Structure formats: C-alpha cells, structure tokens
Amino acid sequence: MPEATFHFPSDFVWGCATAAHQVEGHNSNNDWWAWEQVEDHVEDGRRSGLACDWWARAEEDLARAAELGQTGHRLSVEWSRIEPAEGRFDTAALDRYREILRAARTLGIEPLVTLHHFTLPLWLAEMGGWEHPRAVPLFDRYVAHVVEALGEFCDFWCTINEPNVVVSLGHIAGIFPPGQRGFGAAMKAGRSMMRAHAAAYRRIHALQPPARVGFAHNMRILDPANRRSPLDRWAAGLQDRFFNQTFLTAVDRGWWQLPLGFGPALRLRKTLDWVGLNYYTRDLVAFDRHRPEEMFGRRSHKEEAELLDGGYGEFYPQGMGRCLRRLAPLGLPIYITENGIPDDDDDQRPRYLLTHLYQVWETIQHNYPIMGYYHWSLVDNFEWAKGWTLRFGLIEVDPDSQARTPRRSAYLYRDICRANAITPAMIDEYAPELRAELLPG
Ligand code: FCB
C-alpha cells in the first residue's frame, strides 16, 4: 500500500502574512513609531527603522513568494500613510498600494488586505485612539477611501487584526501603545474596535457588493496548569473566555459578553463573511490570587514542554485543531490568517509547519470549511515590543544590509504549496523524526 499523502482541497490558498508597520519602513507618523522611540519599550532597543524596506521594494519579496509557490498574500495598509492628517488623504500613498497590489496579482498572488494591523495614525492616537467617540466614523471614512482606491485590485478584506491582542497588550498589560493598564478603558477600546469592524463591513459591501470581508482573531490555548484543581480551571476558564471568546461572541451574537457578566448590545451580527484564525501556541494557567489584573491566573509551561524561542509559548500543534473546531459553530469559511514560529536557526520550524498543517489537513477531513493558510511570515520583520529578537521569517532578513537568505523551511513550504499536499518524501527530507507520528504503520 502506498504511504499516505495528505492532500488539500484544490482551491486551497497558500500564502504568507505581513503587516505594514513590520515591513514597510519609516512609518514615522503612527503611534507605534512614537512608542518605539521611548527607552525600554522595545526589548532589544531597536526600532522598526527601514524594516524590510517594503515601501520601496515590496514587489521583490512578493516575487520571491511567487517563486516559492505561494498563491495568496495577506498584507496590511497603513492608515497613517493614507490619511497623514485628519481628513487629508494622500493619493500618492494610495497609488503606491495600487502598484503593490497590481504587482501581486500579476505574479499570480491574490491579495488579502488588512485595514488595521495594530497601528493608529498619530493624530488619532493623540485624540485618544479607539476610545475617542469619533474613532468609528473616522475609521469608516478611511475604509471608504481605501476601498474606492484599491477595490480594482482587491475584493478580499480583513477589517481589523486581533482586537483582543490590542486590548490585552495595549490597554491592560500596557506593553503596546497606548500603554494603559486598566480594564474599563480597555473594554471601551475593544467595543469601539468591534463597532469599527462592523462599520467597515457595511461600508465595504456598500461599495463593493461581492467583497469577502472578515477579521483576524488571535486564539491562544489556555489550559489549567492542574486539571484537578478547580481554582486553576476557574482562572484558565476566565482568561480563555476573555481572550478567546469575547470578540467572537460579539460578532456572532451581537452582544458584548464579559467573563463576569454582560455588556451592551452592539450592532454586530452578520458582519463576517469569513473568520480568520491567528494561532501560535498554548500557555497553562494556574490560579494566583495576587494577580487580579491578570484575572487571577499565572501563565506557565510544563517542565518537559518544548518551548518556542524567546519565551513565546509552547510548541503545541494540537492547539491548531482545537481552535479550528472551536470556530466551526460560526458556520463561516475559515482562513488561517497567521501561524508561525520565532526560530532564527530554523531547527523547529520544519516540524512546526508539518505538524500544524497536518492538524489543518485532519480538520478538513472532518468537513470543516478551511479555505487557506497564511504563514507568519514571509520575511523576518520588526516584531513589535520584541524588536528584532524574534525571527518569524521563512526568509531571513538582515535589517542593516537588507540581505535575504531563505531558510530551509522556505523550501519545505514551497514543496507543500506546489504539491498542495504533505507527502512522505517531505517528511523524510525535512523532519524524519515525525515519521512515526504522521505516518504510522
Ligand atoms: C501576531 C501579530 C503579528 C505578528 C505575530 C508574531 O499577534 O498579528 O503582527 O507580530 O503575532
């Protein structure tokens, strides 16, 4: 009997994901740029700077992606370039994005454009960002300009990237801008982002009826450190409901359900054509009464767990399947809008790719509507508060010389994209230690 080959559906999209601020360079007019200038905000003290120089050279990396067999690319557009001052729209910036999207399509790469990926224009941040009462209409107007200008080359939109991460890291943990530490303001910002999502959904469909509009939701597996401990289970459940569920319930049911009660109803129902999953890792949660600000949970990992670089979490492929199954009740097409690993020397990434994609494949076998996978990321890039310490690229980038060097994983991913499958030969070549797990018998 020939050995199993894991085939993906014929129209499955294979690509990578990037975000404007992390790759474009010199995005000096947004809140993240200002944040980076303050000592201790970025782990290695380095700034986004020229990043990967995409404002000038995006096409070169997109051509590399095409050569590597990719058929889709998720990128974001930068609000602060498009609307550098309130109400002033920069047609040259929009033209540059038109050029990039046109080039992607010419290369056979279907763009998925994110309208907000973590950064706010400085002028809006200075007004109070997402908490400002006009943030939603301002976002709506910006979206209208983008769709009018770029709609010729794109009909696949992601409104907002990871509102739960913005709220958790920017408004509760205070390690992303705006650097707040308070639950009340955080909830206000979160609601505003979801309203902005809904406004964008309606605006895009009004301007471009066949558009496909979704948002990218970060999910992290949060399991109790000790399953037998009711307190650990309670704390893990609380963190899980807040981080993984609140924003999904908001778009699914239309109300804002907090872990400990209900919030106001929002006009959010029916504002998704698809849902995006950003999955990376798992943490274990132990009850800790000294951490009310972290919902009484302390994050940890089992001693024997395989960890990712830089304390990023645990190598936990089963989490991919668990998250996909959890999204299924929404009844929507699912895209994996991000999944990847910080791994400078590429010793774990081949295994990470194969095991996580195996989970995707397995879930598809149970008829879950999973339509595509965007690996984070094509190139090493500016990793927010971690600076350049974490290297997520299939292609290594030296930010000083701008030299590119594909890692081994780039070729593994190329082989998967081209074959639209995981084959035994790939397992043997890139991660033979997985043979027993993936090809039993
Ligand atoms: C996600 C972000 C993305 C990148 C990866 C590693 O949470 O959306 O920009 O930083 O993590």
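What follows is calculated from the coordinates using simple rules that are stated; it is not laboratory data. Here the structure is a predicted model, which is why all the values come from computation and not from measurement. For neighbour counting, all protein chains shown are included, and Cβ atoms are generated from backbone atoms with ideal geometry for every residue, glycine included.
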Helical segments meeting 18 Å axial Cα length and Kyte-Doolittle 0.5 threshold in the chain (DSSP H): 135-150
Relative contact order, percent, the stretch 6-438 [alpha-carbon distance under 8 Å, six or more residues apart]: 18
Distance between the stretch 381-441 and the stretch 309-375 - C-alpha centres, whole angstrom: 14
Charge dipole (debye, nearest 20) of the stretch 203-255; +1 at Cβ of Lys and Arg, -1 at Cβ of Asp and Glu: 60
For the chain, calculated [θ]222 nm from helices alone, where every DSSP H run of n ≥ 4 adds -39500 (n - 2.57): -11000 deg cm²/dmol
Cα shape, the chain, gyration tensor, a/c 1.5 rule: rounded
GluC sites (Glu not before Pro) within the stretch 274-368: DSSP coil, no more than 13 neighbouring Cβ in 10 Å: Glu303, Glu304, Glu306
Candidates Leu327, Leu394, Leu101: whichever shows maximal mean-square fluctuation once the chain is modelled as a Gaussian network with Cα springs under 10 Å: Leu327
Centroid-to-centroid separation of the stretch 262-304 and the stretch 86-102 [C-alpha atoms, Å]: 35
Magnitude of the charge dipole, the stretch 6-438, Cβ model with Lys/Arg +1 and Asp/Glu -1, debye to 20: 1940
Of all DSSP beta bridges in the stretch 146-293, antiparallel share, percent nearest 5: 20
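Which order do peptides 244-251, 221-228 fall in by mean Cβ count within 10 Å, highest first?
Highest mean packing first, the order is 244-251, 221-228.
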